[in-house]
Amino acid sequence: MPRIEPTAPAVLIERKIYLIRGHKVMLDRDLAALYRVKAIALRQQVKRNPKRFPEDFLFQLTRKEAELLVSQNVIPSRRSLGGSLPFAFTEQGVAMLSSVLKSNRAAEVNVAIMRVFVRIRTLLASHADLIRRLDALEKTSAERFRIVFEVIEQLIASEPVRPRNRIGFAHKVDRGAPNRRQLTSTRPRSSPP
């Protein structure tokens, strides 16, 4: 049985989703590559159907945003944009593309992209839940540690520090008496037989 390759691997799609202006978006050039069409053809279809792509579905990047993407190696160079600023499609805009691009490939790729967007949304929701739990844990543990530190400070403040007795021999050193080195024999050591 021949092995069926996926239309567009999820990992590849995930790498093509960027956060721009607070939205998770995909650029027209990346979508065109996934759909196996030219980016200019994709842009033409969008321009022919402006009612299908309101501002919350699609927006065009500013020159500054495009330069930032080039500087971050998202886009290899300004020349790769083909002389125009790229369109950024939100999740809803990508879904609307399937009605504009009428091919089997476009439908299959759209399904794969929608699955990735759903998975990302699920991951973000689970991370938000973890962050809430960590914050709650931090607050309760901070209160507990504050109480422990207060008790330790009270114990330190209530017990006066008294001088300790030294452990071991206490002897007075007589400056005139020979020290330990002077008491050892000065005879040469004999070698073992």
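A short reminder: the numbers here are calculations on the coordinates, not readings from a lab. Because the structure is a prediction, the values reported are computed rather than measured. Because the Cβ atoms are built from the backbone with ideal geometry, glycine has one as well, and the counts that use them run over all protein chains shown.
Key figures for this structure:
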read-out	value
Proxy reagent accessibility, fewest Cβ within 10 Å first, across V111, V116	V111, V116
Estimated FRET transfer efficiency when R0 is 30 angstrom, pair S71-A112 (beta carbons, to 0.05)	0.55
Per-residue Cβ neighbour rank within 10 angstrom, fewest leading, I152, I40	I152, I40
Whether region 10-130 is rounded, prolate or oblate, judged on the alpha carbon gyration tensor where a/c under 1.5 counts as rounded	oblate
Simple spin-label estimate for Q44 and S126 in nanometres, 7 Å along Cα-Cβ	4.4 nm
Residue among V37, A125, A95 farthest towards the positive dipole end of region 10-130, charges placed on Cβ	V37
Region 10-130 - charge dipole about Cα centre, Lys and Arg +1 at Cβ, Asp and Glu -1, debye rounded to 20	500 debye
Spatial separation of Cα centroids for region 20-56 and region 107-157, in angstrom	36 Å
Stretch gain in nm, segment D135-E153, where the contour uses 0.36 nm per residue and the Cα spacing is subtracted	3.8 nm
Sites matching GluC sites (Glu not before Pro) across region 29-138 that sit in DSSP coil, with at most 12 neighbouring C-beta atoms within 10 Å	E55
